[in-house]
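Structure first, then comments.
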Amino acid sequence: MSNIQPLFEQIKKIAAPRIVITTHHKPDADALGSSLGLYNFFKKAGIASQIISPTDYGDFLDWMAGEDTIINFEENKTKCEKLVKEADYIFCLDFNALSRINDLGTMVEQSQAIKVLIDHHLNPERFYDYEHWNSESSSTCELLYEVIKLWDYTFMTKEIAQCLYAGIMTDTGSFRFPSTHANTHLAVAELLKFDIEHHLIHENISDSSSEDSVRFVGYIISEKLKLIQEYRVAYMTVTQEELIKFNVATGDTEGLVNYGLEIRGIKLAALFIDRKHLVKMSFRSKGNFPSNEFAAKYFKGGGHFHAAGGQSNLTLEETVEKFKNALPEWAHLLK
Ligand code: 5GP
Ligand code: MN
């Protein structure tokens, strides 16, 4: 669904439009790559914009052009409130429910700005005026590539191409998930024409872990990975003590859940992390198991069919019990 095409012409007609770009909390490479892709596109077109991240993010993303201009909402609430309130346009990238941007959500909702959604998650909340939305798209970065094609491809640069490549690469699991379509590869082929040195982007993102973080992953896989063979499920739990012991930083747990799915025959992998006030969960599945439906039914969550998340206010142990008790009902989809 898209009605975004006329928007760029509209924006160009305004003298000094006030543009805010925001994305989901704890942004990943797709969230930040698309936000910075759009920021750099506007910059090339001579239009200023400001990215607000609802929270901090992993430092494996700090190589992206313009990253140093991003404001962290948690550290600058008053400034962000003013920016959102006075904005003419607010671009919402890689999320479609205002709860995904924490307290910033209410501010965006109340702002008089024209709101624009660019996103690939199911069932968007209708809080926006313009959209470029497709839940079958690999990534928000692929969607932003399409938007730039629609608007003005002469403003595409190497910096934008690097940001978009990073998001497409990570959201497709390096071009292996079912969401990787011919159009995904065609977009990437175009991006490669900008000499983006894709091997360096892989290195920046994948090979930038701390020693603690690699040992943490090894420890969790070795000591905390549990299988429930009957249901083809693998799950891991992480306690607060473990987060402290291994100095786990933002971004360090990203990808951890996927190891469960590497085991032959496993159809559902789950990761439970005991954050201070809640247990945060990640689900990854193969085949017919709808991770998002499962997360929504039991854990106030959602996401994509094969990759979803949720949360719980129970203890870590109680949350795992709830998870295990739910499995029999879904057994037929875990075959
Ligand atoms: P992750 O496991 O990487 O945190 O999230 C995987 C996917 O699930 C992401 O696409 C994200 O949008 C979605 N997701 C994660 N946590 C939540 C949640 O609490 N609520 C909703 N609606 N979606 C979530
Ligand atoms: Mn995404």
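Key figures
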| read-out | value |
| --- | --- |
| Residue in the range 203-225 that is more than 21 Å from A249 (Cβ to Cβ) and touching a helix residue (DSSP H, G or I) at 6+ places or on another chain (Cβ under 9 Å) present | yes |
| Residue in the range 93-106 that is touching an Asp or Glu at 6+ places or on another chain (Cβ under 9 Å), away from ligand 1 (no atom under 16 Å from the Cβ) and touching a residue at least 60 places away in the same chain (Cβ under 8 Å) present | no |
| Residue within the range 242-256 that is over 24 Å from the mean Cα position of the chain (by Cα) and either at positive phi or not hydrophobic (A, V, I, L, M, F, W, C) (or both) present | yes |
| Matching residues in the range 197-223 - criterion: being surrounded by 13 or more Cβ atoms within 10 Å (Cβ to Cβ), more than 23 Å from S285 (Cβ to Cβ) and either among the hydroxyl-bearing types (S, T, Y) or touching a Lys or Arg at 6+ places or on another chain (Cβ under 6 Å) (or both) | S208, S209, S210, S213, Y219 |
| Scope the range 282-298; condition in contact with a helix residue (DSSP H, G or I) (Cβ under 6 Å, 6 or more places away or on another chain) and touching a residue at least 40 places away in the same chain (Cβ under 8 Å); matching residues | N288, F289 |
| Test: E109 is touching a helix residue (DSSP H, G or I) at 6+ places or on another chain (Cβ under 9 Å), farther than 25 Å from M156 by Cβ and modelled with pLDDT of 95 or more | yes |
| Whichever residue in the range 258-311 is of a type in the set (S, T, Y) and surrounded by fewer than 21 Cβ atoms within 10 Å (Cβ to Cβ) and, among such residues, is nearest to the chain's Cα centre (by Cα) | Y259 |
| Scope the range 19-37; condition more than 16 Å from ligand 1 (Cβ to nearest atom) and out of contact with any helix residue (DSSP H, G or I) (no Cβ under 6 Å at 6 or more places or on another chain); matching residues | I19 |
| Of the criteria (1) in a helix (DSSP H, G or I); (2) β-branched (V, I, T); (3) touching a residue at least 24 places away in the same chain (Cβ under 8 Å); (4) surrounded by fewer than 23 Cβ atoms within 10 Å (Cβ to Cβ), which one I160 fails | (4) |
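The values are calculated or read from the model by the stated rules, or taken from the named source; none is laboratory data. Note that the structure is a prediction, hence the values are computed from the model and not measured. Because the Cβ atoms are built from the backbone with ideal geometry, glycine has one as well, and the counts that use them run over all protein chains shown.
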